[in-house]
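I have placed the structure first, in the form of structure tokens, so that the comments after it can refer back to it.
The values are calculated or read from the model by the stated rules, or taken from the named source; none is laboratory data. Note that the structure is predicted; figures quoted are calculated from it, not measured. Quick reminder, even Gly has a Cβ in these numbers, built from the backbone with ideal geometry, and neighbours come from all protein chains shown.
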Amino acid sequence: MNKLEDWFCATSFWRKVTQQHLLPRMLGGGDLGDSVLELGAGPGAATPALLRKFSRVTSLEFSAVFAAQVARGSRRDDSSARRAAAVVQGDATQMPFADGSFSCAVAILMLHHLRSAELQDRALAEVFRVLRPGGSFRAFEIHDGWLQQLLHTRSTFVPFAASAASARLNAAGLARASVTFVRGGFLLSAQRIDRVASPAGYRT
């Protein structure tokens, strides 16, 4: 991320947009369970709201600086509930979590910061792995365009195209994929639905 992104993602404006507008739309509809993985937490704009919704929050952040910031912020923001996010500094393409660890995974403006489409697909495969059967993946991404390219000067910007999103989610093993267009970008939703072998040996 460049300095402009670092600054913007830490503003009270983005925090408000994330918590009051994005997350309610992303997390609406259906039971998402009790354990959420926050991918690419950044400076922690979404973390306090996730702590209020889920009994267990794990925030994965590539930047050691941001990971430390999220840890400090979640303890401060959720002190009344006497719990904080478990913050892990790590790579979304090689997650340090056991299979089936989470009931839900959330990614806000994270996928386009991975350096290639191959790494994005690897991250989606990791999402599938760490989700429990029936677990949900929810994400928010932005479209490609000259303004987005300009805002990501000296930063990584590999657009995750909405038109190919469902196919790529399905290829990672995630089913019931959907794309919903909203102001400024689009929401992704998918679910881990494991197929089981029938008595005759067929998979259903």
- Message: One residue is enough: does the stretch 31-40 have a residue meeting the conditions within 21 Å of Leu151 (Cα to Cα), of a type outside the set (Val, Ile, Thr) and surrounded by 15 or more Cβ atoms within 10 Å (Cβ to Cβ)?
- Response: yes
- Query: Before we move on, is Asp6 assigned to a helix (DSSP H, G or I), out of contact with any Leu (no Cβ under 8 Å at 6 or more places or on another chain) and either surrounded by 19 or more Cβ atoms within 10 Å (Cβ to Cβ) or among the charged types (D, E, K, R) (or both)?
  - Reply: yes
- Query: Given the conditions (1) more than 16 Å from the chain's Cα centre (by Cα); (2) of a type outside the set (D, E, K, R); (3) modelled with pLDDT of 95 or more, and given that Ala71 satisfies all but one, which numbered condition is not satisfied?
  - Reply: (3)
- Meets criteria (modelled with pLDDT under 95 and not in a loop (DSSP other than H, G, I, E, B)) for Gln148: yes
- Out of the residues in the stretch 95-145 that are touching a Ser or Thr at 6+ places or on another chain (Cβ under 7 Å) and free of Cβ contacts under 8 Å to residues at least 40 places away in the same chain, which is nearest to Ser155 (Cα to Cα)? Leu119
- Any idea which residue in the stretch 152-165 is surrounded by the most Cβ atoms within 10 Å (Cβ to Cβ), counting only those that are under 16 Å from the mean Cα position of the chain (by Cα) and part of a helix (DSSP H, G or I)? Ala165
- State whether the residues of the stretch 77-88 include one that is more than 20 Å from Phe140 (Cβ to Cβ), surrounded by fewer than 22 Cβ atoms within 10 Å (Cβ to Cβ), at pLDDT below 95 and among the β-branched types (Val, Ile, Thr). no
- Would you check which residues across the stretch 130-145 are under 11 Å from the mean Cα position of the chain (by Cα) and of a type in the set (Lys, Arg) and list them? Arg138
